[in-house]
Amino acid sequence: MVAFSGGLDSTLLLHACQRYSPASLLSLKAVHIHHGLSHNADHWAQHCLEQCRNLDIELIVEKVSVLSAGNGIEASARTERYRVFEKYLPPRGMLLQGHHLDDQAETIIYRMILGHGVRGLGGIPAIRTLAEGEIRRPFMSFNRRELEVVARHWQLSWIEDESNSDAEFSRNYIRHNIFPQIVTRWPKAAERIANSGHWCREAADMLADLAEIDLAACRVQKDGREDDIRLSISGLRRLSTPRQFNLLRYWLQCANIDLNESKTRSLVDFIFGRSSEGLFQLNANKRVGIHRGSVCLVTIVDVADYDLVWEFPNKLQTPSGLLYADLLTQSDVGGGMLKPPLESQRVVVRNRRGGEKFHPEGRQGGCTLKKWLNEQRIPEWERKSIPLVFYDDVLVAVGDLVLDKNFASKKDGYKIMWRR
């Protein structure tokens, strides 16, 4: 699939694919994003349709709505483009884009001005994954002038987006006001800047390898869950300050969260400055939590009060996740099995309201649910989301964490499963 804007780069790329790709080996399509930001947008889409019709290539035209949501029009348009690319790129498919050497140099200069680290200064990767496929950019070693020579030799026609001349956009300002002066003074500047980007990508890869080593050393194993990677604060303390920053950045990036340098410093101060549990806000619904000497990633879910009748033991979708029960024998699980309800008993699932009492299995005497949660040191932010299972009005199970002693089976029974 070719990302086809109709401009010089993508036009040359589409024609190159059509000329040099064996038809028997390739299913070629093009996709054009109609941003609707220019009064010429319909004309550009029609131009792309005619080009693809002449080449006998299928074209997908997708209209998107671009809104500046705090990051600017450029960033919003980019987000919408890649959303469309992910939508149409099949598993193991390849998206080709026409980025070239000048694009790379301009990107690195822009990111340097914004204060990016080595990962950002690596610039535009020639190959990267996208959903279940990948992006490839075959023109990254050619500058725009070289591409234009070939396009004119092939007598191609392309469109010029008038917004590319608008210096109000930061990238355009660099392209028209800064980059030409650099290249005039240093003709090989684009290649050398791209080389610096290559070394930065190598450095970023090595930092990621180091972060993997430190992650293994600092990771707190918790119930074998791969989606719950917690870091030991004592382990973090043993690392040098740069390695602490590197590991925390990597840990958050694995969850698709990027922090700037200032906020990363605030996070480090928060982690090492607390003596009790607490939350550090990352974005609207993500927090870093401190609990029992470890650092964890917390998703904030606003769970309203609910009461659900459970057709036990069938699956039940709750606001906190999927709840179900598997019938097992004592030899299968070795404890923690719930007696089935009587035919006359109604099974109800609801979240914590306060004042609940029960007799936790393995504990001397009964207690309130609050006291048990405190004894188990369950984080405050998790307590509202735990689904509580009642037989009529009697609390018999606290999620998949504990059963009431009086309802725990010593033979066959049900294992409560809570998929968070």
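Laid out as a table, the results:
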{"item": "Which of Arg353, Arg230 has the fewest Cβ neighbours within 10 Å, and the rest in rising order", "result": "Arg353, Arg230"}
{"item": "Asn406/Ile300 FRET efficiency (R0 41 Å; Cβ-Cβ; nearest 0.05)", "result": "0.75"}
{"item": "At R0 = 41 Å, FRET efficiency that the Cβ-Cβ distance of Asp269 and Leu37 yields, to 0.05", "result": "0.50"}
{"item": "Qualifying aspartates and glutamates (Cα of each under 12 Å from Cα of Lys87; at least 8 residues distant if same chain)", "result": "Glu62, Glu132"}
{"item": "Of Val347, Val268, Val288, the one that fluctuates the most in a GNM where the chain has Cα springs shorter than 10 Å", "result": "Val347"}
{"item": "Gaussian network model of the chain, Cα within-10 Å springs - most flexible of Ser262, Ser385, Ser234", "result": "Ser262"}
{"item": "Karplus (6.51, -1.76, 1.60) ³J(HN,Hα), θ = phi - 60°, over the range 340-352, in Hz, Gly and Pro reported as x", "result": "x, x, 6, 4, 7, 8, 9, 9, 10, 10, 8, 8, 5"}
{"item": "Relative contact order [Cα under 8 Å, 6+ residues apart], the range 221-299, whole percent", "result": "31 percent"}
{"item": "Gyration tensor (alpha-carbon) shape descriptor, the range 162-266, a/c threshold 1.5", "result": "prolate"}
{"item": "Ellipsoid equivalent to the range 1-92 - semi-axes via the Cα gyration tensor, in Å", "result": "25, 16, 10"}
{"item": "Convex hull volume per residue in cubic angstrom - Cα atoms of the range 221-299", "result": "92 Å³"}
{"item": "Solvent-free Debye scattering, log10 I(q)/I(0), computed from the Cα coordinates of the range 29-184 at q = 0.17, 0.18, 0.20 Å⁻¹", "result": "-1.39, -1.58, -1.88"}
{"item": "Within a Gaussian network of the chain (alpha carbon springs, distance under 10 Å), most fluctuating of Ser38, Ser344, Ser65", "result": "Ser344"}
{"item": "Mean separation of Cα contacts under 8 Å, 6 or more apart, over the residue count of the chain: relative contact order %", "result": "10 percent"}
{"item": "For the range 34-99 and the range 275-298, distance of Cα centres in Å", "result": "39 Å"}
{"item": "Residue-averaged 222 nm ellipticity for the chain, from DSSP H runs of 4+ at -39500 (n - 2.57), nearest 500", "result": "-11500 deg cm²/dmol"}
{"item": "Residue order, fewest to most beta carbons within 10 Å, for Met1, Met337", "result": "Met1, Met337"}
{"item": "Interatomic Cα distance distribution for the range 56-112, bins of 10 angstrom, percent", "result": "17, 38, 37, 7, 0"}
{"item": "Environment charge of Glu134, counting only residues whose C-beta is closer than 15 Å and scoring Lys/Arg +1, Asp/Glu -1", "result": "+2"}
{"item": "Charged-residue dipole, Cβ positions (Lys, Arg, Asp, Glu), the chain about Cα centre, Debye nearest 20", "result": "1340 debye"}
{"item": "Environment charge of Gly293, counting only residues whose C-beta is closer than 12 Å and scoring Lys/Arg +1, Asp/Glu -1", "result": "+4"}
{"item": "Gap separating the Cα centres of the range 141-176 and the range 103-129, nearest whole Å", "result": "19 Å"}
{"item": "Efficiency of FRET between Ala284 and Ala208 - r from beta-carbon atoms, R0 41 angstrom, step 0.05", "result": "0.90"}
{"item": "The range 270-411: Lys pairs at Cα distance under 22 angstrom, eight or more positions apart or on different chains", "result": "15"}
{"item": "If the convex hull is drawn through the Cα atoms of the range 307-419, its volume per residue in Å³", "result": "103 Å³"}
{"item": "Exposure rule at most 12 other beta-carbon atoms within 10 Å, DSSP loop GluC sites (Glu not before Pro): the chain longest free segment", "result": "1-131"}
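Each reported figure results from applying straightforward, stated rules to the coordinates on display, with no laboratory input. All values derive from a computational prediction rather than experimental measurement. When we count neighbours, we look across all protein chains shown, and the Cβ atoms used for this are built from the backbone with ideal geometry, even at glycine.
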